[in-house]
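Okay, structure first, notes after.
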Number of protein chains: 2
Amino acid sequence: MKNFERKIYLEDKPRSAAKEELLEAFQQTPKTEYIPAADTLGRITAEPIFARISMPHYHASAMDGIAVVAESTYSAHEQNPLLLKNGEQFRYVDTGNAIPSPFNAVIMIENVHVVDEKTIEIIEPATPWQHIRPIGEDIVQEEMLFPQGHTIRPADIGVLLASRQTKIPVVKKPVVTIIPTGNELVPADAALASGQIIEFNGTVFANFIKEWGGEGRLHPIVKDDPEKIKQALSQAANDSDIVVINAGSSAGSKDYTVHIIGELGSVFTHGVATRPGKPVILGKIHDKIVIGVPGYPVSAYFALEWFVKPLICKYLQIPEPKRQTLSVKLGRRIVSTMGAEDFVRMSIGYVNGQYMANPLTRNAGVTMSFVRADGLLVVPPNEIGLEQGTVVEVELLRPLEEIKNAIVFCGSHDLTIDLLSAQLKSLRTDMKIVSSHVGSMAGLMAIRKGEAHVAGVHLLDPETKQYNISYVKKVLAGQDVVLCPFLKRKQGWIVPKGNPLCITNVIDIAEKNADFVNRQKGAGTRILFDLLLDKVGLSSEQISGYDREMFSHLAVAAEVKGGTNAVGLGIFPAAKAMELDFFPVADEEYDLVMTRSFYESENGRFLLELIHSEVFKQQVKKIGGYVVVENTEPKLLTRAER
Amino acid sequence: MKNFERKIYLEDKPRSAAKEELLEAFQQTPKTEYIPAADTLGRITAEPIFARISMPHYHASAMDGIAVVAESTYSAHEQNPLLLKNGEQFRYVDTGNAIPSPFNAVIMIENVHVVDEKTIEIIEPATPWQHIRPIGEDIVQEEMLFPQGHTIRPADIGVLLASRQTKIPVVKKPVVTIIPTGNELVPADAALASGQIIEFNGTVFANFIKEWGGEGRLHPIVKDDPEKIKQALSQAANDSDIVVINAGSSAGSKDYTVHIIGELGSVFTHGVATRPGKPVILGKIHDKIVIGVPGYPVSAYFALEWFVKPLICKYLQIPEPKRQTLSVKLGRRIVSTMGAEDFVRMSIGYVNGQYMANPLTRNAGVTMSFVRADGLLVVPPNEIGLEQGTVVEVELLRPLEEIKNAIVFCGSHDLTIDLLSAQLKSLRTDMKIVSSHVGSMAGLMAIRKGEAHVAGVHLLDPETKQYNISYVKKVLAGQDVVLCPFLKRKQGWIVPKGNPLCITNVIDIAEKNADFVNRQKGAGTRILFDLLLDKVGLSSEQISGYDREMFSHLAVAAEVKGGTNAVGLGIFPAAKAMELDFFPVADEEYDLVMTRSFYESENGRFLLELIHSEVFKQQVKKIGGYVVVENTEPKLLTRAER
């Protein structure tokens, strides 16, 4: 497609302006379909709905008793009981029965004295229409039950049926065709070669659209061939109300999309002033809106919410649902791009009675940052950043209750934490563990800043040769914390199966020029490695890959698996999980540090019980490479003592 | 079933205690089913889910550029450019491409100078692993993606697919069989005779259960025959996880249910201390929970929420979702039963910057009270009532936004208000009119108490012979309000087709002893009727049915339709809608009274524009019986003036 001149940069149109234009340009008239009332849950009425009959639709008895003509009972009195003949002067009725004419009142069975088969006696007159449900007491024929644009709930369906509305006019779900493009894409079930990527964005889009009330139709993957893309686009523009095309929306040499949409129709926006999500295309092909969204998952999800959701709501004639918001305190400074709206995924923890929030990775390629996010911070274009400690409003991505009850675990990564988390969930549906793998030192810092309840640490003190205690005293001086002995675990060299380079110690790594896979600064494992280097008088410069930082044992193992010359330092279960070889280096103490308030809280007590339960200990032993510390006496370290 | 001794009264067990016992008794082990990841939206994981592969699963280029061996580029410098041969010393790579070994770094295409087909030149060294996405940057193989009990959202599905989890273990939806019983019940589509009721509760139940994550199965209607009920119950207990049987749960002579459950299994609760919803049965038949819920729809819906929803949540292993709450001010006193929890359906309006709430009818037979409710007030057992003006917490039954944007219309009922409401919704999806038909005087009172934005009034002053103005001045003295002339409409006698009693005036009604259908006190129409009586010197005692009160013109017409001797006073469109005869009595002025703040608000202006629009005027003319007031100059009545 050399005839397409390469577009070097994108617009920076404000999102609101782009959205306004888009909504203006979207002129699909909603279609109506008639469906059985019983199937209308969550659907939206296309017209006002009026009652076709009343409920009750007849004069109904409100009591078990007898129906009488009120006027004929006026003489009844204790001194002058009145006898009534069955069939002529009264009829027996139960609650809900119709009142036969000429009767116009009901006397409760309790006030009726039965004389014989055909005769009863009353000693009190009835007033006209007493104990009779008037016609339409609940629903009156011809009254408007719902206006158009009403979202139908379970109880609404009862009213529809009761008033004889059996076929309901609802707005047809707008059809959104999703076109995934890219030579590297393969379907979820296909075999996967290096360099290939599983196509999952399309399926995610379809589910977002379903949630918003539309019908997402996933088109098969289209190769990066302008002709094929052209075909797919014009076909989709004919068959659907909205078209979404994924990837190729940027300004690279192979980004044909914008040119093709321009050729087939018109492009009115290419690039919005947001991070992530900037490379968005908004255009039209034969009066159908076509939206080009970026390939990076997180950018794509945002673009979809900004531009597809509003269209669906406009089509359905419902207001755009808003997310619940929450005021949170920032645990870290947030830098933002001037002139662009920043959408920062945040993790939120309820610690020491306040909501603390921290940004997750800003990398738009990391879908887990979206999955793990509790909330969304939108930094306006004119802000260059927000200082640590600032209180800001975030949109919630989870129910508040869920965030409030979560145990925030921070610090060194260990696989037993996942076990603990699963165990907890199985016993307490309202609780969960949210863990972020930031390393031992960062874990202690999180406790200090009141961002976490629990930190997992394994920090060896070169002087005392003791684990953890000295670091806790140093970093958390002036705070009441509890140090809970947790596990002993094996650290060692993780190498490819068969150990091709025959790595047995740190000197081998240097001499054989292996590709070392390191951990981030402040990680206990990195500190251990530095000590090992130190012991033999090696410097980090002599280790190739020393600057290559991973954030968990599994990540190290995954990298080692990726290269034949690779070696990493990590725990046994990680090596085992990835089927790699492992050579023990040290037995280390992996302990849990908790704030005193959490330790003493109901959740804290519950967590400790779990840790000390036989079930959990057995599961840990099963993994291998661990020794569960048996006499685990938690150590309370109070401010006062120091 | 004479062998069943009649049970006279029910227990008054606290709801919380009954619920606890029930949850304790419910021991169904959740079943697991494996479904394609793409279909898991909203489903709940039955086990922790771990990543089966990493994403990326290979070393991927993060840039368009060339892959090189970093160590071989160290000599590159501006003064000493380095030439590299394609294929041997470098390879072209695009973003996302795999990095072929032995290469371990990527140089951006922008920093590459192409010499010829096979040669390029660089003037800067590369550092190892630069611009290469590490394996597992997003998802690391073997990491726990979700614990069990996680509700799957659209983005979660992407992670499942990307990590090669294609079949997901989710909790099977619990099967809840719903058994409707009653001789009076007929299916929604069947012909309807007097005394018969459409079965709709079952369908409503099924939809509630669907919303809560269960699978509701609606059993055909069962007659009030103990043998048939017995069959249905034991069959259902075999086939389902939970059984719900509707009606027959009380203590009447025909309420077999409790005895049958007792016979087939055990009953542990019969009657809870709630209003409504008291007659509930909680029991067990061959280890399956059976719940008997009352026949009155509103009682039934509550019982279902209290006792079926928690079982479904327990089965699904998720916490019970809580409703959003809101502080509101009570517009009226609320009386409550001592010793019982009262569940009061409330209408809520956002007027003059505060949320005012009023109770809707407490009648458990009125489903519309549940449909119309904005919120739910739970009055604890130890309260005997709540004073007007008290601020209380209510559970919201609608999104807060919807309540906040609603225009609260109060006062006399007129069919054009429905028109207006439909018109408004079609133009502004975020606005709606909530109207309650309380009569003209009550409408003015609502304005005075700050409970409504707009009141519809038609009040004739016998002295001045003028409509509305004098009443507004009297009732709303000391307030700034706006009186907007709206319509002239025909009031007249509504009589059965052919006018069998030949009613032409109020004297006929008395002399021919017709069944008069009156309106509630304070309704403009009733005031008009009283004036008519007064004119001819008749007293209300001489009118049979004078005390028979309806709350709208349609309700009057519906009643008239129900009896051949009936007559009512009302507006022409009501008679027309019900195909009744109509004899005009008076042309009256139906005006709108608004608070000044509403009149001047954006919503207020929008409403007036609508009223004055040609479209609306045409629609009103089409109904007939109206004259649209043309020179409608709203009259501002300020406190100062009086």
**OP:** Would you point out the residue of the range A:1-54, among those that are among the hydroxyl-bearing types (Ser, Thr, Tyr) and open to solvent by less than 60 Å² (accessible area, probe 1.4 Å), that is modelled with the lowest pLDDT?
**Re:** A:Ser54
Subject >> Neighbours by Cβ (under 6 Å, 6+ apart or cross-chain): first from the range B:106-121, touching a residue at least 24 places away in the same chain (Cβ under 8 Å); second open to solvent by less than 70 Å² (accessible area, probe 1.4 Å) and among the hydroxyl-bearing types (Ser, Thr, Tyr) >> reply: B:Val106/B:Ser61
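Conditions (1) acidic (Asp, Glu); (2) surrounded by 15 or more Cβ atoms within 10 Å (Cβ to Cβ); (3) farther than 23 Å from A:Ile571 by Cβ, marked per residue:
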| position | (1), (2), (3) |
| --- | --- |
| A:Val593 | no, yes, no |
| A:Tyr599 | no, yes, yes |
| A:Glu609 | yes, no, yes |
| A:Ser613 | no, no, no |
| A:Phe616 | no, yes, no |
| A:Lys621 | no, no, no |
| A:Gly624 | no, no, no |
| A:Val627 | no, no, no |
| A:Glu633 | yes, no, yes |
Original post:
B:Ala206 fails exactly one of the following numbered conditions: (1) more than 7 Å from chain A (Cβ to nearest Cβ); (2) in a loop (DSSP other than H, G, I, E, B); (3) free of Cβ contacts under 8 Å to residues at least 40 places away in the same chain. What is the number of that condition?
Top reply: (2)
Subject >> Residues satisfying the stated conditions in the range B:532-546, i.e. part of a helix (DSSP H, G or I) and open to solvent by less than 40 Å² (accessible area, probe 1.4 Å) >> reply: B:Leu532, B:Leu533, B:Ser540
Original post:
Quick check: anything in the range B:555-572 at the interface with chain A (Cβ under 8 Å from one of its Cβ atoms), within 32 Å of the chain's Cα centre (by Cα) and either at positive phi or outside any helix (DSSP H, G or I) (or both)?
Top reply: no
**OP:** Starting from residues that are more than 8 Å from chain B (Cβ to nearest Cβ) and without any contact (Cβ under 8 Å) to a residue 12 or more places away in the chain, keep the ones in the range A:168-198 and report whichever is nearest to A:Glu137 (Cα to Cα).
**Re:** A:Ala190
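Among the residues in the range A:572-584, are any within 23 Å of A:Thr464 (Cβ to Cβ) and in the same structural domain as A:Ile447 (by TED's automatic domain parsing)?
Residues of the range A:572-584 within 23 Å of A:Thr464 (Cβ to Cβ): A:584.
Going one step further and asking which of them are in the same structural domain as A:Ile447 (by TED's automatic domain parsing), we end up with A:584.
Yes, the conditions are met somewhere in the range A:572-584.
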Subject >> Single residue of the range A:121-138 satisfying the filter (buried (at least 22 other Cβ atoms within 10 Å of the Cβ) and more than 8 Å from chain B (Cβ to nearest Cβ)) that is nearest to B:Asp430 (Cα to Cα) >> reply: A:Ile132
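What helices (runs of 4 or more DSSP H) completely inside the range A:431-521 contain at least 3 residues that are open to solvent by less than 10 Å² (accessible area, probe 1.4 Å)?
Values: elements: A:440-448, A:469-475, A:506-511.
Here the list reads A:440-448.
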Subject >> Subset of the range B:420-448 (residues that are within 30 Å of A:Leu311 (Cα to Cα), in contact with a helix residue (DSSP H, G or I) (Cβ under 9 Å, 6 or more places away or on another chain) and of a type in the set (D, E, K, R)) >> reply: B:Arg428, B:Asp430, B:Lys432
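Among the residues of the range A:60-88, which ones are touching a helix residue (DSSP H, G or I) at 6+ places or on another chain (Cβ under 9 Å) and within 14 Å of chain B (Cβ to nearest Cβ)? Explain how you work it out, then say what you get.
Residues of the range A:60-88 that are touching a helix residue (DSSP H, G or I) at 6+ places or on another chain (Cβ under 9 Å), as a first pass: A:63-66, A:82, A:84.
Answer for the range A:60-88, where residues must be touching a helix residue (DSSP H, G or I) at 6+ places or on another chain (Cβ under 9 Å) and within 14 Å of chain B (Cβ to nearest Cβ): A:Met63, A:Asp64, A:Gly65.
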Subject >> Residue identified as outside any loop (DSSP other than H, G, I, E, B) and surrounded by fewer than 17 Cβ atoms within 10 Å (Cβ to Cβ) among A:Val106, A:Val115 >> reply: A:Val115
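Condition first: part of a loop (DSSP other than H, G, I, E, B) and among the small types (Gly, Ala, Ser). Now tell me which residues in the range B:187-203 satisfy that. Even if it seems obvious, please write down each step before you answer.
In the first step, residues of the range B:187-203 are kept if they are part of a loop (DSSP other than H, G, I, E, B); the result is B:187-196, B:199-200.
Of everything in the range B:187-203, those that are part of a loop (DSSP other than H, G, I, E, B) and among the small types (Gly, Ala, Ser) turn out to be B:Ala188, B:Ala190, B:Ala191, B:Ala193, B:Ser194, B:Gly195.
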Subject >> Residues of the range B:139-167 satisfying the condition of being over 21 Å from A:Asp414 (Cβ atoms), facing chain A (nearest Cβ under 7 Å) and part of a loop (DSSP other than H, G, I, E, B) >> reply: B:Gly149, B:Thr166
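Can you confirm whether B:Phe529 is open to solvent by 10 Å² or more (accessible area, probe 1.4 Å) and of a type in the set (Phe, Trp, Tyr)?
On the way: open to solvent by 10 Å² or more (accessible area, probe 1.4 Å): no; of a type in the set (Phe, Trp, Tyr): yes.
Criteria not met by B:Phe529.
Just to be sure, is A:Lys309 closer than 27 Å to B:Glu402 by Cβ, basic (Lys, Arg), within 11 Å of chain B (Cβ to nearest Cβ) and in a helix (DSSP H, G or I)?
On the way: closer than 27 Å to B:Glu402 by Cβ: yes; basic (Lys, Arg): yes; within 11 Å of chain B (Cβ to nearest Cβ): no; in a helix (DSSP H, G or I): yes.
Here the answer is no, as A:Lys309 does not meet what is asked.
Residue-by-condition table, conditions (1) outside the structural domain of B:Tyr590 (by TED's automatic domain parsing); (2) surrounded by 19 or more Cβ atoms within 10 Å (Cβ to Cβ); (3) in a loop (DSSP other than H, G, I, E, B):
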position: B:Met368; (1), (2), (3): yes, yes, no
position: B:Val378; (1), (2), (3): yes, no, no
position: B:Glu383; (1), (2), (3): yes, no, yes
position: B:Gln388; (1), (2), (3): yes, no, yes
position: B:Ile407; (1), (2), (3): yes, yes, no
position: B:Cys410; (1), (2), (3): yes, yes, no
position: B:Leu420; (1), (2), (3): yes, yes, no
position: B:Lys425; (1), (2), (3): yes, yes, no
**OP:** Please note which strands (runs of 3 or more DSSP E) are completely contained in the range A:228-296 and include at least 1 residues that are more than 15 Å from A:Pro180 (Cα to Cα) and either open to solvent by less than 40 Å² (accessible area, probe 1.4 Å) or not assigned by TED's automatic domain parsing to the domain that holds A:Gly365 (or both).
**Re:** A:266-270, A:281-285, A:288-293
Original post:
What number goes with the only condition from (1) away from chain B (no Cβ under 11 Å); (2) touching a Gly at 6+ places or on another chain (Cβ under 9 Å); (3) modelled with pLDDT of 95 or more that A:Asn111 does not pass?
Top reply: (3)
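The values are calculated or read from the model by the stated rules, or taken from the named source; none is laboratory data. Owing to the predicted nature of the structure, the values given are computational and were not obtained by experimental measurement. Please note: Cβ atoms are built from the backbone with ideal geometry, for glycine as well, and neighbour counts cover all protein chains shown. Just the protein is used for accessible areas: all its heavy atoms, side chains included, with ligands, DNA and RNA removed. Shrake-Rupley method; radii C 1.70, N 1.55, O 1.52, S 1.80 Å.
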